[in-house]
1. Just wondering, is there one or more residues in the range 407-425 that are over 15 Å from THR467 (Cα atoms), hydrophobic (A, V, I, L, M, F, W, C), in a loop (DSSP other than H, G, I, E, B) and touching a helix residue (DSSP H, G or I) at 6+ places or on another chain (Cβ under 8 Å)?
2. Modelled with pLDDT of 80 or more and either in a helix (DSSP H, G or I) or over 27 Å from LYS496 (Cβ atoms) (or both), is that true of ALA120?
3. Given the criteria touching a residue at least 40 places away in the same chain (Cβ under 8 Å) and on the phi > 0 side of the Ramachandran plot, does GLY481 qualify?
4. Given the criteria without any contact (Cβ under 8 Å) to a residue 60 or more places away in the chain and farther than 26 Å from GLU462 by Cβ, does SER369 qualify?
5. Could you tell me which of the residues GLY426, GLY460 is at pLDDT below 95 and either of a type in the set (Asp, Glu) or buried (at least 16 other Cβ atoms within 10 Å of the Cβ) (or both)?
6. Here is a list of conditions, (1) crowded, with 16+ Cβ neighbours inside 10 Å; (2) farther than 18 Å from TYR424 by Cα; (3) aliphatic (A, V, I, L, M), and LEU465 meets all of them except one; can you say which number that is?
7. Could you list, in sequence order, the residues of the range 480-506 that are closer than 22 Å to ASP435 by Cβ and either under 23 Å from the mean Cα position of the chain (by Cα) or of a type in the set (Lys, Arg) (or both)?
8. Can you tell me which of (1) over 24 Å from the mean Cα position of the chain (by Cα); (2) touching a residue at least 60 places away in the same chain (Cβ under 8 Å) is the one LYS463 doesn't meet?
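The values are calculated or read from the model by the stated rules, or taken from the named source; none is laboratory data. Please read these numbers as outputs of a predicted model, since none were measured by experiment. Cβ: placed from backbone, ideal geometry, glycine included. Neighbour counts: every protein chain shown.
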Amino acid sequence: MSDLKNPTDIAREALKRLAVRHLPPTPANYQACYNEIADLPNIPQFPESPLRQLASALIAHNSRQENQLDLLVAAIGQRSWQGVTDALIGFAQPDASEMVVSSDTGSLATLPAASALALARFIEALLPSFGTDNPRALAVAADLIQMLKQPQVEVVSVQNAMGTLTHHVRSVLEEQLEVRDSLLALLHLLIENVGELSEDDRWLKGQIDGLLASITPPLTLRHLDEMERRMRDVIDKQARAKTRSVSAQQEVRHMLAEFVESLAVMNQSSSEFEAKIEESARQIERVTSADELKCLLENVITVTHAMVEESASSRAQLKSLQVKVEITEAELLQLHQELDSASALARHDPLTDALNRKGLDEALVREISSMRRKETPLSVSLLDIDNFKKLNDSLGHEAGDGALVHLADVTRRHIRPSDTLARYGGEEFVILMPDTVLDDGIEVITRLQRELTKAIFMAGNEKVLITFSAGVAQVGAEESGSDAIRRADQAMYLAKRAGKNRVMGG
């Protein structure tokens, strides 16, 4: 077993091993070396999220296809490629009542023209996801599309072609996911190394946390756009702070130089005053008349007054320097506070002010640790706004953002202070409910649904009813937070399939 524990050390050793073995630094080779050093099985990750999106996009037109969709969802949950393949092929097969068989010629069943055209359009929609690095998959898809656009196409031929295409699609997805995960691992390593070089810089540490959060799957364009805006804000504040800090340093150096010069002048004046007083003392010893003594005393008084005035001027100058230093310190402190506040945004979603994925991960670790230490229950819920895409398309993205903020505000008003709200991505939110068993968690989320129904959302002058579907799961004693959220996600999907605006346990 490898003695390396730190992922950064493992990653460095993996890069060295690639060089020693003279292997090209492809994502696959890097992943293989990394897994070998870390004693991990070299198995490509199962593309659960893309497959769930595919399952959501499929529309069942009869009970048989609904059954196949249920089998597809179950296969995705079990991470079974064979189950996914069988379910997709079964979904594409037409009902016997739809098949046309010629008893005179004994020809094979043919696919109805409408079904063939719909399947061809579906495959055409999938083509961009194949990329340009898989010509064989593109050729198989093109042949199948051409076949489906023929006046008559045999069902058996479609089944065979679909089986071949499914095999290629699986290979394409696995390769793309492997490339993405390997690139993310390398990017994660680079960002961590930059962070390690800047451990004492709190501002840069906040930016590093934000970058790590932004590359945590699932990746969405909205999430990346929000992170980009946030990072630009931090960078702008940091640039202004750096410029002001350099200016402040120059001002302080100038003030110190003035201070030293003032001390030198005061010291010189003091020495001159002391010399004049000593000379006056010697002259007093030689005084022979009252007029001489009067003249000498007047001279001493004049010198003394000049010394007092110069001392007062020096004190005023030093006081002014002190005030300037205090003002500069206060200004720099305010800039530092602004930067600290901006860096703290790395753990919060800027739109809804809920925790983001980074903040959720930290909260999960904290709550699960508390759950195991105190032996108390912990439930998690995943919420997904119903018909959110339709809302965005019909009323615009501004209304969509407003709906997200509305849901977050209503949720915060009706959950306990000990509960945690996080934006999981897009229109999905996660709620952590400590000291809560599954049944109570379902009741809490159901009550939240009722409260959301009462709180009408206004999109301009239009009233919009916002609802959500949710899944709830109780975290197992040895279960990870991500696994519990995955079960809640599966339950949420079943709630969507059951008619939306429902809560189901997982």
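1. Within the range 407-425, one or more residues are over 15 Å from THR467 (Cα atoms), hydrophobic (A, V, I, L, M, F, W, C), in a loop (DSSP other than H, G, I, E, B) and touching a helix residue (DSSP H, G or I) at 6+ places or on another chain (Cβ under 8 Å).
2. Details: modelled with pLDDT of 80 or more: yes; either in a helix (DSSP H, G or I) or over 27 Å from LYS496 (Cβ atoms) (or both): yes.
Here the answer is yes, as ALA120 does meet what is asked.
3. Numbers: touching a residue at least 40 places away in the same chain (Cβ under 8 Å): yes; on the phi > 0 side of the Ramachandran plot: no.
The answer is no for GLY481.
4. Details: without any contact (Cβ under 8 Å) to a residue 60 or more places away in the chain: yes; farther than 26 Å from GLU462 by Cβ: yes.
Spelling it out, SER369 is indeed without any contact (Cβ under 8 Å) to a residue 60 or more places away in the chain and farther than 26 Å from GLU462 by Cβ.
5. Working: GLY460 fails: either of a type in the set (Asp, Glu) or buried (at least 16 other Cβ atoms within 10 Å of the Cβ) (or both).
On inspection, the qualifying residue turns out to be GLY426.
6. Result: LEU465 passes all but (1).
7. As a first pass, look at the range 480-506 and keep what is closer than 22 Å to ASP435 by Cβ: 480-485, 487-488, 491, 503-506.
Once the filter is applied, which keeps residues that are closer than 22 Å to ASP435 by Cβ and either under 23 Å from the mean Cα position of the chain (by Cα) or of a type in the set (Lys, Arg) (or both), the range 480-506 yields SER480, GLY481, SER482, ASP483, ALA484, ILE485, ARG487, ALA488.
8. Exception for LYS463: condition (2).
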